[in-house]
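The values are calculated or read from the model by the stated rules, or taken from the named source; none is laboratory data. These numbers come from a predicted model, not from an experiment. Note that we place each Cβ from the backbone using ideal geometry, even for glycine, and neighbour counts take in every protein chain shown.
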């Protein structure tokens, strides 16, 4: 990051726009520390003011669905906003479709945010990582740091909001939602989703087709 981008510049930009710290750092880095240009950068991205709305109640919204070609994968998703008017709008509906498709494209994703992941899963992942052979002989402090990094990476793989957006990998799903919130002027939250995969969980009896045919011909 350019030397001109100081902590004070980041704080000042955050105070002016309500954008998150990392977004402010990105904006200042992209504009060589020029605060006015950084504000414009944030506005163009739809990020400025979105953070200020994040604490407001989002009780309206819509439930969307997506059925992938071939009808073998389906998704139901709930995304909330503040008013029914916005929920019916094209921009919100587009977000609903895009995030539904994202869920269908990410079979390993099970939660909306990393904060939603139960503690027992975190502990399980830690136990797995702590037992790996490549950590043998390393100092305990170093081992803890390596394991923490691996766990954080694994938890992000489970969280929808951490995934690169399928239509633009330079954005995460969280950034896409934030941009939409900034553009429509309301708080927007992905609340929950369910993915259905055809035949999932059904135990299929495997028959020896060749033996079956042979027995039929003998008869």
Cross-chain or 6+ apart pairs with Cβ under 7 Å, region 81-100 first and over 15 Å from residue 178 (Cα atoms), then surrounded by fewer than 15 Cβ atoms within 10 Å (Cβ to Cβ): 100/65
Members of region 12-25 found to be closer than 23 Å to residue 172 by Cα, in a helix (DSSP H, G or I) and touching a helix residue (DSSP H, G or I) at 6+ places or on another chain (Cβ under 8 Å), listed by number: 13, 14, 17, 21, 23, 24, 25
I'd like the full set of residues that are surrounded by fewer than 15 Cβ atoms within 10 Å (Cβ to Cβ), at pLDDT 90 or above and outside any strand (DSSP E or B), limited to region 167-205. 167, 198
Which one is modelled with the highest pLDDT among residues in region 54-70 that are over 18 Å from residue 176 (Cα atoms) and over 18 Å from the mean Cα position of the chain (by Cα)? 67
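Quick one: is residue 102 in contact with a strand residue (DSSP E or B) (Cβ under 8 Å, 6 or more places away or on another chain), at pLDDT 95 or above, in a helix (DSSP H, G or I) and closer than 30 Å to residue 61 by Cα? Can you show your working first?
Values: in contact with a strand residue (DSSP E or B) (Cβ under 8 Å, 6 or more places away or on another chain): yes; at pLDDT 95 or above: yes; in a helix (DSSP H, G or I): yes; closer than 30 Å to residue 61 by Cα: yes.
Yes, satisfied.
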Of all residues in region 129-159 being closer than 30 Å to residue 103 by Cβ and in contact with a helix residue (DSSP H, G or I) (Cβ under 6 Å, 6 or more places away or on another chain), the one that is modelled with the highest pLDDT: 159
Considering residues of region 22-53 that are loosely packed, with under 15 Cβ neighbours inside 10 Å and under 27 Å from residue 86 (Cα atoms) only, the residue modelled with the lowest pLDDT: 52
